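Asker: The structure is given below, and queries will be raised subsequently.
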Amino acid sequence: MSTTPPLDSANAPGTRPDPGIRSVFLAGPFIQLLDPETGEMSAGARAPFDVLIKHFEAQGLSVHNAHRREAWGAELMRPEQCTKLDQDEIRKADVFVALPGHPASPGTHIEIGWASAFDKPIVLLLERDREYTFLVQGLHTVASVEYVVHTDIATCLPAVDRAVELAVLRNREGSGRHQRSGAEQDRQ
């Protein structure tokens, strides 16, 4: 463990993305969030993704997100289409940001594995007071990972920006593996 203390997102400096960061792959639970009656995500389930998409796009970043691409469930793609497309988009992205899900989202965990295998800078957004798999908790030992522990996505955006910057920096320096800077946290 590093001696770097976790950032308090309320006091974290707002940063603009590094000029080398042009694209983000935003992952998170999908099928498990679909309303069985409508086949679509509710407004509440969409909210964290919508906040993050708008935030990154306001910074001029291109955001690949399956939820939006598939009209929040209204236009689901076939498995052989979305699997290849998501893997290709992760490979092309400059940074990978994910909400792993609680309970764990199997699809998101596969995408996290792809991002790690492709040596992408990774930011994992973890809900405070939730348990996550050991492999999510320990991913920083094998990949450039920053963790943002939060209670509300909208209030932790400065910490998300800082985590993106740190993950990218560690990845570029080749120092992201086998160390952890500490979780980025909001204080609510």
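Asker: Which of the residues spanning region 82-113 are in a helix (DSSP H, G or I), in contact (Cβ under 8 Å) with a residue 24 or more places away in the chain and open to solvent by 60 Å² or more (accessible area, probe 1.4 Å)?
Answerer: If the condition is that a residue be in a helix (DSSP H, G or I), in contact (Cβ under 8 Å) with a residue 24 or more places away in the chain and open to solvent by 60 Å² or more (accessible area, probe 1.4 Å), then R91, K92 are the ones that fit.
Asker: Taking region 60-73 as the search range and keeping residues that are out of contact with any strand residue (DSSP E or B) (no Cβ under 9 Å at 6 or more places or on another chain) and part of a loop (DSSP other than H, G, I, E, B), which one is surrounded by the fewest Cβ atoms within 10 Å (Cβ to Cβ)?
Answerer: Step by step, filter region 60-73, then rank; the result is G60.
Asker: Go through region 45-59 and give me each residue that's open to solvent by less than 60 Å² (accessible area, probe 1.4 Å) and not in a loop (DSSP other than H, G, I, E, B).
Answerer: Within region 45-59, A45, A47, P48, F49, D50, V51, L52, I53, H55, F56 meet the criteria.
Conditions (1) touching a Lys or Arg at 6+ places or on another chain (Cβ under 9 Å); (2) modelled with pLDDT under 95, marked per residue:
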position: R78; (1), (2): no, no
position: D88; (1), (2): no, no
position: D94; (1), (2): yes, no
position: G101; (1), (2): no, yes
position: I122; (1), (2): no, no
position: T155; (1), (2): no, no
position: V160; (1), (2): no, no
position: E173; (1), (2): no, yes
position: R177; (1), (2): yes, yes
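Asker: Right, another one. Identify the single condition in (1) of a type in the set (A, V, I, L, M, F, W, C); (2) open to solvent by 10 Å² or more (accessible area, probe 1.4 Å); (3) assigned to a helix (DSSP H, G or I) that M77 does not satisfy, given that it satisfies every other one.
Answerer: M77 satisfies all of (1) of a type in the set (A, V, I, L, M, F, W, C); (2) open to solvent by 10 Å² or more (accessible area, probe 1.4 Å); (3) assigned to a helix (DSSP H, G or I) except (3).
The values are calculated or read from the model by the stated rules, or taken from the named source; none is laboratory data. All values reported here derive from a predicted model rather than from experimental measurement. Neighbour counts run over all protein chains shown; Cβ positions are idealised from the backbone, glycine included. Heavy atoms of the whole protein, side chains included, go into the accessibility calculation; ligands, DNA and RNA do not. Shrake-Rupley method; radii C 1.70, N 1.55, O 1.52, S 1.80 Å.
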